[in-house]
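Read through the structure below, which is laid out as structure tokens, and then see the notes.
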Amino acid sequence: MELEKLFSSEKIGNVKIKNRIVRSATYTHAATDDGHVSDLLIKYHTDLAKGGVGLIITGITTIDKVGNIATGQTCLYDDSYVEGQKKLVKAVHEYSDVKIAPQLSHSGRQGRTSIAPSAITFKEGDRMPKELTNEEVKVVINNFINAGRRAYESGYDMVQLNAAHGWLLCNFLSPFTNKRSDEFGGNTQNRMRILVDIYNGIVDKVGKNFPITVKLQTQDFVEGGLTLEEGKLIAKGLVDLGFAAIEPSGGSAEIARLFRISYPAAKVQSQEDENYFLPAVKVLKPVMKDSKLILMGGVRNPLTAEKLLQENTTDFIAMSRPLICEPNLPNRWKDGDLSPPLCNSCNSCFFSTGSGSLECTVKEKLVQERLNK
Ligand SMILES: Cc1cc2nc3c(=O)[nH]c(=O)nc-3n(C[C@H](O)[C@H](O)[C@H](O)COP(=O)(O)O)c2cc1C
């Protein structure tokens with residue numbers, strides 16, 4: 001079989017994933033206005049499960065009220081959310097052997113209520129975030145830990161921390177946004193302490209058998225920001241601690257132009273644009289030990305993915321936009337149709353607004369064509 005490795009199983013921590021295809025976290029706008037699981041949210045995820053993906057990372061799931069980014073986003077900041085989350089997990093597990101993880105997140109400096117490690121203006125002339133006190137940082141850590149515990153109680157197979165894209169955990173990692181002088185700022189070890197404390201806290205609550213993974217900022221692409229060299233040091237520290245997988249990413253909304261080059265609105269319209277975090281994956285690989293690497297960002301060609309897996313460059317590949325357009329893509333590839341995804345990175349999905357919908361112009365066009373026949 002041409003895609004032997006892509007469709008072979010591999011473990012993240014002690015959890016076996018049936019193939020190497022991960023759905024990269026995608027905010028679908030489909031939770032209820034107060035962050036509960038809706039039928040539409042369940043449908044998005046069961047469609048993915050039916051489509052053959054091995055592991056679904058759901059999407060930003062806020063760990064406290066302040067950390068909410070927008071309506072229609074899932075929440076895990078109190079126990080009332082667990083029942084609905086259980087329903088989502090159960091529905092996905094019912095469709096063959098698909099694994100699922102929520103992505104625990106806090107909006108931080110880019111949020112509607114903007115808080116940050118340091119009071120540094122978000123873009124020139126724009127709002128000033130509130131600097132968290134040392135006590136408040138500890139409250140945030142505790143909220144992440146409790147959300148991790150609720151994820152476990154909901155039946156999720158593992159959890160991913162969102163430490164990328166200019167959100168709160170990423171703000172702590174970056175020397176551009178973290179100028180603190182307490183134990184959460186300064187050198188690399190101090191800036192990554194928040195991740196270490198969250199990791200240890202979740203392990204204390206639920207034990208070591210629940211894999212903790214991270215979407216990790218490896219580069220800010222801004223002057224004075226996080227560089228890939230330091231990203232590698234952070235990755236090494238997290239692997240040594242016990243993080244089960246790392247999905248390298250980068251960029252933030254700080255400079256919109258760069259945000260769009262790096263994350264996630266990058267246009268992937270030629271072969272040269274594909275796999276745009278491959279350089280980061282290659283730099284991190286030597287420090288990974290038993291932890292797994294997930295290549296994300298412009299993954300479009302199944303044969304290239306197979307080659308990268310065969311060469312041991314990465315352990316998994318992840319996609320977001322192609323699976324919005326075609327949840328059935330993994331099965332299509334498995335069945336031998338190796339043509340690239342229909343997604344043309346128009347980014348209509350990324351710029352979808354409001355709750356309850358995720359636009360996809362390609363999908364809409366296909367439906368229209370079918371109706372016109
Ligand atoms: C509609 C949309 C929602 C997204 N939501 C999230 C999210 O909740 N968390 C996250 O870390 N990344 C999010 N992303 C980024 C994707 O996970 C992924 O990193 C990025 O789109 C690049 O992968 P791709 O080229 O396969 O789309 C989102 C992307 C899109 C298009």
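The values are calculated or read from the model by the stated rules, or taken from the named source; none is laboratory data. Being a predicted model, the structure only gives us computed values, none of them experimental. Ideal geometry is used to build each Cβ from the backbone, glycine not excepted, and the neighbour counts take in all protein chains shown. Just the protein is used for accessible areas: all its heavy atoms, side chains included, with ligands, DNA and RNA removed. Shrake-Rupley method; radii C 1.70, N 1.55, O 1.52, S 1.80 Å.
For this structure, a couple of remarks:
- Single residue of the stretch 274-288 satisfying the filter (outside any loop (DSSP other than H, G, I, E, B) and without any contact (Cβ under 8 Å) to a residue 40 or more places away in the chain) that is farthest from VAL299 (Cα to Cα): PRO286
- Within the stretch 170-187, if we keep just the residues that are more than 21 Å from the chain's Cα centre (by Cα) and surrounded by 15 or more Cβ atoms within 10 Å (Cβ to Cβ), the residue that is nearest to VAL283 (Cα to Cα) turns out to be PRO175.
- Test: GLY59 is in contact (Cβ under 8 Å) with a residue 24 or more places away in the chain and more than 12 Å from the ligand (Cβ to nearest atom): no
- Per the conditions (1) touching a Leu at 6+ places or on another chain (Cβ under 9 Å); (2) surrounded by fewer than 19 Cβ atoms within 10 Å (Cβ to Cβ), the sole criterion not satisfied by LYS123 is (1).
- Residues in the stretch 22-35 include at least one that is hydrophobic (A, V, I, L, M, F, W, C), under 26 Å from VAL203 (Cβ atoms), within 15 Å of the ligand (Cβ to nearest atom) and surrounded by 23 or more Cβ atoms within 10 Å (Cβ to Cβ).
- Every condition in (1) more than 16 Å from the ligand (Cβ to nearest atom); (2) open to solvent by 10 Å² or more (accessible area, probe 1.4 Å); (3) assigned to a loop (DSSP other than H, G, I, E, B) holds for SER118 except the one numbered (2).
For every residue, the table says whether it meets (1) surrounded by fewer than 18 Cβ atoms within 10 Å (Cβ to Cβ); (2) at pLDDT below 85; (3) touching a Leu at 6+ places or on another chain (Cβ under 8 Å).
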| position | (1), (2), (3) |
| --- | --- |
| ASP335 | yes, no, no |
| SER339 | yes, no, no |
| ASN344 | yes, no, no |
| THR353 | yes, yes, no |
| GLY356 | yes, yes, yes |
| LYS365 | yes, yes, no |
| GLU369 | yes, yes, no |
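- Looking only at residues of the stretch 151-173 that are farther than 11 Å from VAL214 by Cα and part of a loop (DSSP other than H, G, I, E, B), we find that the one that is farthest from the ligand (Cβ to nearest atom) is GLY155.
- Residue match in the stretch 181-196 (condition: at pLDDT below 95 and farther than 30 Å from GLU83 by Cα): no
- Any chance VAL92 is modelled with pLDDT of 95 or more, assigned to a helix (DSSP H, G or I), under 23 Å from LYS215 (Cα atoms) and more than 15 Å from the ligand (Cβ to nearest atom): yes
- LEU295 being within 20 Å of ILE212 (Cα to Cα), within 12 Å of the ligand (Cβ to nearest atom) and modelled with pLDDT of 75 or more: yes
- Some residue of the stretch 323-331 being aliphatic (A, V, I, L, M), without any contact (Cβ under 8 Å) to a residue 60 or more places away in the chain and either buried (at least 24 other Cβ atoms within 10 Å of the Cβ) or near the ligand (Cβ under 10 Å from one of its atoms) (or both): no
- Subset tally (residues that are open to solvent by 10 Å² or more (accessible area, probe 1.4 Å) and at pLDDT 95 or above) for the stretch 157-169: 1
- Helices (runs of 4 or more DSSP H) fully within the stretch 299-341 counting 1 or more residues that are among the aromatic types (Phe, Trp, Tyr): 329-334
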